[in-house]
Amino acid sequence: MPRPLPLLDFPAKLKESTNFGPYSGYVDRVVDADTLVLVADVGLGHHPVFYARLKDVEAPESWEPGGDECTMALELLCGPDTHVRITTDKLPRAGTEAMTFVRYVVELERMRWNMPGEPEEVVSVNEEMRAKIGQVREKLAGS
């Protein structure tokens with residue numbers, strides 16, 4: 001849906017942010033090692049369901065070596081119904097969300113699972129996946 005005309009001419013100082021959000025949401029499903037279907041609470045009673053690609057996560061495709069292992073890792077980190085904080089990338093100058101194919105580019109955060117009595121901690125899903133993918137690639141290079 002195109003933006004209403006008055007929003008196209010919005011003052012630059014009021015839209016200096018390089019991203020949209022953060023939004024509260026949850027994972028509907030994991031598609032592959034860097035793509036999920038998310039549901040976001042964007043306010044005003046709107047809860048869009050959309051495909052999201054993890055920003056700066058270069059995962060192997062599901063048919064490539066390590067692809068299935070990386071997909072399972074993402075499912076373990078944030079499978080269906082996991083609560084997440086979603087921040088989408090904004091394109092420079094355009095003021096719209098960055099997309100790859102039909103996926104919004106996102107930074108995702110979730111709560112770390114701790115033992116009872118330990119303090120809660122917010123962690124980056126993107127960082128966790130970059131680390132896991134690196135481990136999988138090292139393992140494949142060594143075999």
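Taking amide H as placed 1.01 Å from N in the peptide plane, the amide H of T82 sits under 5 Å from that of V27, each at least 5 places away or on another chain. Listed by Cβ neighbour count within 10 Å, with the fewest neighbours leading, K132, K139 appear as K139, K132. The residues D81, D41, D28, when put in order of fewest to most other Cβ atoms within 10 Å, stand as D81, D41, D28.
Hey, any idea what the orientation-averaged projected area of the convex hull of the stretch 14-142's Cα atoms comes to, in nm²?
Computed as one quarter of the Cα hull surface, the answer is 9.8 nm².
Coordinate-derived values only; no laboratory data. The shown structure was predicted, so the numbers you read here are calculated from the model rather than taken from an experiment. In this analysis, Cβ positions are derived from the backbone assuming ideal geometry, glycine residues included, and neighbour counts consider all displayed protein chains.
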